[in-house]
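Structure, as structure tokens:
Derivation of every value follows stated rules applied to the coordinates shown; laboratory data play no part. This one's a predicted model, so the numbers in the text were calculated from it and none came from an experiment. Neighbour counts run over all protein chains shown; Cβ positions are idealised from the backbone, glycine included.
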Amino acid sequence: MIADTEASPLSASKLEGSTAPVGLRARTSPEVRDLVAQHQAVTARRPATTRETAPLSTAAGGPINMDPATVGNWGQTDPPASAVAVFPPSHVPSSPPTASDWQYAQIDYYDANGKEVNTASYTGGAWAVTTTQYDAYGNVTLTLSAADQAAALASSFPPGTATTLASVNVYQCDNFGAIDPSCDNNDQQYQVLTDTYGPAHTADVDGTDETIRTHTAYAYDAGAPNSDVNAVGDPYMLQTSQTVSASLGDGTAATPHHR
């Protein structure tokens with residue numbers, strides 16, 4: 001059996017140029033040619049995935065509404081500008097796809113900068129939508145799972161609930177041994193991930209149920225030589241430790257309570 005890999009395809013012509021002993025090539029080349037032919041035949045018959053453009057609203061023929069007003073319902077500030085539907089080999093859609101086709105596809109939504117901001121897949125009789133948001137430098141600042149998005153939409157205040165259920169990343173600048181929160185375009189290249197906050201949830205804290213986020217804090221350049229200046233004059237920007245704690249409250253600036 002020939003494995004299906006990304007390596008260059010095996011060919012008889014390559015084998016004929018082999019430096020293996022002539023007698024060995026004479027005995028193996030016909031068998032290898034047969035295997036190569038079989039593999040090529042299987043590959044030619046293998047169905048491919050189908051990619052189609054997905055409109056951003058049902059009125060335009062798309063699977064779901066992903067316009068700015070709709071995504072704003074769960075607090076998304078960077079709406080999709082385009083979408084691509086990827087259909088599996090088991091379902092070849094109409095062109096363009098019809099309403100009955102979309103449920104078989106994975107839909108990837110992209111913002112105006114080409115960043116993937118949402119995915120949608122049809123599962124359990126409903127669309128499951130994930131969200132990813134970025135800062136001005138392309139760093140992922142927020143992710144919201146499909147389950148948490150659904151929970152937010154079912155709440156009395158979806159945007160606020162989505163914010164508390166999202167995972168949040170915080171970036172600051174490595175300022176030669178100190179962390180500087182005031183990054184701008186002039187020192188953006190020194191930006192590092194300093195904190196992550198998981199979704200808000202209820203947990204027992206010293207015998208009392210509290211709303212917390214799991215908080216991971218990252219430290220950089222501890223013990224760095226030359227006052228944290230490397231050979232080209234930049235900070236090392238090497239993560240040297242991380243600390244996990246429980247941050248009390250549903251925000252990302254609450255008082256930490258170490259576990």
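Can you give me the convex hull volume of the Cα atoms of the stretch 166-259, divided per residue and expressed in Å³?
93
Determine, for each peptide in 221-231, 127-137, the mean count of other beta carbons within 10 angstrom over its residues, then list the peptides with the highest first.
Taking the mean over residues of other Cβ atoms within 10 Å, the ranking is 127-137, 221-231.
Within 10 Å of each residue's Cβ, count the other Cβ atoms and sort M66, M237 from fewest upward.
M237, M66
Put one equal scatterer on each alpha carbon of the stretch 139-208, apply the Debye formula with no solvent term, and list log10 I(q)/I(0) at q = 0.21, 0.24 1/Å to two decimals.
-0.86, -0.95
Expressed in nm², what is the orientationally averaged projection area of the convex hull enclosing the Cα positions of the stretch 47-134?
Average projection, Cα convex hull of the stretch 47-134: 5.8 nm².
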